[in-house]
Amino acid sequence: MHQYWRPGGNQFVGDCMPFWHDGVFHLYYLLDEEHHRARGGLGRHQWAHASTADLVHWEHHPLALPVEHDWEGSICTGSVFWHDGTYHAFYATRYPDYDQRLCVATSSDGITFHKSPTNPFASPQEGYSPKDYRDPVVFQDPGAGPFHLLASASLTDCALPERGGCLAHLVSPDLQQWELQEPFLIPGYVGVPECPDFFAWNGWYYLIFSNWGVARYRMSRSPLGPWQTPPVDTFDGPMAAVMKTAAFGANRRIGAAFLPSLEHNRDDGGRLYAGNVVFREIIQEADGTLWSGFVPEMLPAGEVAFTEGGVGVLNDAGLAVAGLSEAGPDLRLSARLAPSPGTAAYGVAVRGQEGFTNGYQIRLSPQWRRVDLCRTNAGPSLEGSRHTLLGVEGLDQPVTLDVVCQEDIVDVCVNGRRCLVARLPELRGETVSLFAQNGGVQVEALRVWRLT
């Protein structure tokens with residue numbers, strides 16, 4: 001397994017469920033075969049499993065939770081919780097009537113799981129939609145207190161139509177008998193808050209949920225809240241779907257998401273369920289806020305194509321472009337760019353042709369505090385898109401820009417803190433260019449690796 005990995009053939013990576021225990025990083029994920037179309041749309045997903053001790057060398061294991069019965073229309077997303085020598089895999093089952101119920105399986109080694117004969121252990125109660133009751137995550141109060149379970153759910157009676165999506169809250173003294181509480185969180189978005197994640201890190205507690213695939217987080221000094229929303233509450237661009245995280249070693253966390261496949265003959269832009277896995281390094285600032293960056297161990301290796309420094313472009317009233325080199329379509333780029341004061345936009349373009357045409361630009365706009373990934377012959381829309389990062393600070397200062405172009409994927413990281421990944425299959429040019437709009441930019445350092 002590696003960055004942007006997928007199983008191959010007609011199989012894809014769906015929701016990811018990373019987990020760390022006893023020196024091993026486990027990636028459980030939904031194995032998808034037909035982009036959620038199997039079994040009449042039920043999905044027929046199963047939990048697949050790979051593990052690593054160093055994020056470089058991976059071992060693939062047999063299915064952790066396979067579909068074994070006719071009533072298991074799909075094994076849905078969940079989480080793994082270790083307690084008292086046992087791995088507990090909490091998950092949801094989607095039934096043939098599309099109702100969802102909570103189930104559990106246990107294991108002594110985290111590889112071979114045995115489903116409980118008493119499944120399901122929890123079903124939607126009155127006031128909750130039976131079609132939305134999934135993605136359980138479990139945590140325990142500090143000091144050996146009770147266990148808490150959060151599940152993606154939807155209230156049937158909500159004052160604001162279509163905004164009753166919530167995190168249902170169940171409590172247990174023993175991981176077996178669960179009692180429903182009041183909703184843990186009602187974020188107020190349209191849709192259900194999916195794939196919740198919960199963890200403690202350096203005195204902070206974090207709650208993650210995804211809305212329409214975009215992972216958002218809340219933070220608190222207490223495990224039960226109150227929860228505060230940071231100024232930027234997302235980890236990544238909109239195409240890194242339903243990210244969840246796990247510890248890695250003493251003071252690191254790794255996020256895992258999936259990059260959706262595309263089907264271009266669809267009116268909705270072609271975004272399909274499941275695709276390739278995307279890993280992120282989760283960064284915690286001193287104030288507790290979180291960001292994401294590239295995982296150092298998972299950067300692709302390649303042959304150095306060229307290095308550059310001291311090159312710049314300047315045009316106070318228009319566009320200035322400098323072609324840097326022919327690097328090939330598949331590359332890794334690391335650059336230190338210093339914009340002139342007041343520059344409207346600047347950046348690099350990859351996979352282009354001579355004359356700044358038919359390529360993809362990574363466009364940094366200091367005044368708008370945004371980063372766009374778009375074609376060189378198209379300007380960014382005012383409202384942004386799924387290839388846009390908003391609220392990016394420090395773009396008027398020297399910026400470190402890292403880019404990976406591999407197959408149909410373009411992945412960008414700004415200052416090691418903000419990431420934006422996209423699937424862009426159309427263009428395969430070989431030119432790397434530097435550009436500035438209504439101002440200037442200087443290349444302090446640039447290195448490009450050609451990937452083979």
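Side notes on the structure shown:
- Answer from Glu383, Glu426 - the residue that is more than 19 Å from Phe356 (Cα to Cα), modelled with pLDDT under 95 and open to solvent by 50 Å² or more (accessible area, probe 1.4 Å): Glu383
- When the residues of the range 136-180 are filtered to those that are closer than 20 Å to Asp84 by Cα and without any contact (Cβ under 8 Å) to a residue 12 or more places away in the chain, the one that is least open to solvent (accessible area, probe 1.4 Å) is Gly145.
- Residues satisfying the stated conditions in the range 184-194, i.e. within 14 Å of Thr234 (Cβ to Cβ) and within 15 Å of the chain's Cα centre (by Cα): Pro193
- Residue, least open to solvent (accessible area, probe 1.4 Å), within the range 306-317, restricted to residues that are at pLDDT 90 or above and not acidic (Asp, Glu): Val313
- Qualifying residue in the range 245-268 (condition: closer than 13 Å to Arg216 by Cα and part of a loop (DSSP other than H, G, I, E, B)): no
- Looking across the range 99-129, just one residue is charged (D, E, K, R) and under 26 Å from the mean Cα position of the chain (by Cα), and that is Arg101.
- All positions within the range 216-245 that are among the small types (Gly, Ala, Ser) and open to solvent by less than 10 Å² (accessible area, probe 1.4 Å): Ser220, Gly237, Ala240, Ala241
Okay, residues lined up against (1) hydrophobic (A, V, I, L, M, F, W, C); (2) free of Cβ contacts under 8 Å to residues at least 24 places away in the same chain; (3) in contact with a Lys or Arg (Cβ under 8 Å, 6 or more places away or on another chain); (4) over 15 Å from Ala240 (Cα atoms):
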residue	(1), (2), (3), (4)
Glu393	no, no, yes, yes
Val403	yes, no, yes, yes
Asp411	no, no, no, no
Asn415	no, yes, no, yes
Pro425	no, no, no, yes
Gly440	no, no, no, yes
Leu446	yes, no, yes, yes
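- Exactly one residue among Trp47, Trp71, Trp58 is modelled with pLDDT under 95 and in contact with a strand residue (DSSP E or B) (Cβ under 9 Å, 6 or more places away or on another chain), and that residue is Trp71.
- Filter result (outside any loop (DSSP other than H, G, I, E, B), of a type in the set (A, V, I, L, M) and surrounded by 18 or more Cβ atoms within 10 Å (Cβ to Cβ)) within the range 181-215: Leu185, Leu207, Ile208, Val214, Ala215
- Residue selected from the range 74-103 under the condition open to solvent by 10 Å² or more (accessible area, probe 1.4 Å) and small (Gly, Ala, Ser), by the criterion farthest from Trp178 (Cα to Cα): Gly85
The values are calculated or read from the model by the stated rules, or taken from the named source; none is laboratory data. If you're wondering where the values come from, they're calculated on a predicted model, not measured in any experiment. Methodologically, a virtual Cβ is constructed for each residue, glycine included, from the backbone with ideal geometry; neighbour enumeration extends over all protein chains shown. Just the protein is used for accessible areas: all its heavy atoms, side chains included, with ligands, DNA and RNA removed. Shrake-Rupley method; radii C 1.70, N 1.55, O 1.52, S 1.80 Å.
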